[in-house]
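Note sheet for the following structure.
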Amino acid sequence: MEEILVQFPDLNEVQKSQFEQLYDLYQDWNAKINVISRKDIDELYTKHILHSLGIAKIMAFKPNADVMDVGTGGGFPAIPLAILFPETNFYAIDVIAKKIKVVNEVATSLQLKNIKAEQKRAELVTDKFDFIVSRAVTNMPDFVTWVKGKTKKQSVHDLENGILYLKGGDLSEELKNFPKATLYNLSDFFTNEFFETKKVVHLPLKFKG
């Protein structure tokens, strides 16, 4: 929690309280529905919350922007981002119902009004978004297939509408067919060794009407 306060010093009291509540909420729900590995729950703030907020180091979402989190699991990166950007609309989806239950229960406990979570496959979503975010649910070629045609035509942020993907390791082979992809090293922002190989990948996606 201390690292979040250091990295994001402009949090208001509501946001600080929401971030502080996350540990107890996830510890409680994880005991009922295992959405985070047992060994990771003690490092929730580093490996899940701060990692999710790595996207915020690359992109400050604007009010009324629409962001979809594909394969959200227990709500990452959607819930930390929804806390940080309370005026941005987040739509979190996963194919596993029990994980969506956790997302909705955590959001309700935190009184987050800007996030909606549903059990759904990405291919079945018909809405359009400014950005589509995710944490390494699959390889990039497959992910692009899932979400192509789901971005808005008009870009209003500094980066073009498209994918913001949290991924680690050597991505050269995976991204060889995506020359427009830009990699941002999270080790440039976070000192914890966990982030040494972690990246945010931005890949613009063309609008398809």
Looking at region 15-44, I want the residues that are touching a residue at least 40 places away in the same chain (Cβ under 8 Å) and have a partner that is part of a helix (DSSP H, G or I) and charged (D, E, K, R) with Cβ atoms under 9 Å, at least 6 apart or on another chain. Which pairs are those?
Leu25/Glu105; Trp29/Lys101; Trp29/Glu105; Ile33/Lys98; Ile33/Lys99; Ile33/Lys101; Val35/Lys98; Val35/Lys99
Any hit, region 3-24, residues being more than 15 Å from the chain's Cα centre (by Cα) and closer than 23 Å to Val125 by Cα:
no
For region 88-100, which residues satisfy the criterion of being aliphatic (A, V, I, L, M) and surrounded by fewer than 20 Cβ atoms within 10 Å (Cβ to Cβ)?
Val95, Ile96, Ala97
Tell me yes or no: at least one residue of region 159-168 is exposed (fewer than 13 other Cβ atoms within 10 Å of the Cβ) and touching a residue at least 24 places away in the same chain (Cβ under 8 Å).
no
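Can you tell me which of Val137, Val133, Val103 is surrounded by 15 or more Cβ atoms within 10 Å (Cβ to Cβ), at pLDDT below 95 and under 15 Å from the mean Cα position of the chain (by Cα)? First the steps, then the outcome.
Numbers: Val133 fails: at pLDDT below 95; Val103 fails: at pLDDT below 95.
Within the list Val137, Val133, Val103, the selection yields Val137.
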Could you check region 124-144 and list, in sequence order, the residues that are in contact with a helix residue (DSSP H, G or I) (Cβ under 8 Å, 6 or more places away or on another chain) and free of Cβ contacts under 8 Å to residues at least 40 places away in the same chain?
none
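Identify, please: which residue in region 62-83 is part of a loop (DSSP other than H, G, I, E, B) and more than 21 Å from Val144 (Cα to Cα) and is, among those, most open to solvent (accessible area, probe 1.4 Å)? Reasoning before the result, please.
Kept after step one, since they are part of a loop (DSSP other than H, G, I, E, B), are these residues of region 62-83: 62-65, 71-77.
Right, trim to more than 21 Å from Val144 (Cα to Cα) and you get 62-64, 74.
Values: Lys62: 93, Pro63: 77, Asn64: 114, Gly74: 4 Å².
That would be Asn64.
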With criteria (1) over 29 Å from Val6 (Cβ atoms); (2) assigned to a helix (DSSP H, G or I), Ile93 comes up short on (2)
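Residues checked against (1) open to solvent by 30 Å² or more (accessible area, probe 1.4 Å); (2) part of a loop (DSSP other than H, G, I, E, B); (3) within 30 Å of Leu25 (Cβ to Cβ); (4) hydroxyl-bearing (Ser, Thr, Tyr):
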residue	(1), (2), (3), (4)
Glu118	yes, no, yes, no
Phe143	no, no, yes, no
Glu174	yes, yes, no, no
Tyr184	yes, no, yes, yes
Working only within region 7-43, note down all residues that are hydroxyl-bearing (Ser, Thr, Tyr) and surrounded by 12 or more Cβ atoms within 10 Å (Cβ to Cβ).
Ser17, Tyr23, Tyr26
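The values are calculated or read from the model by the stated rules, or taken from the named source; none is laboratory data. For clarity, every value in this text was computed on a predicted model and none was experimentally measured. Here Cβ is always computed from backbone atoms with ideal geometry, including for glycine, and neighbour counts include all displayed protein chains. The accessibility values were calculated without ligands, DNA or RNA, using every heavy atom of the protein model including side chains. Shrake-Rupley method; radii C 1.70, N 1.55, O 1.52, S 1.80 Å.
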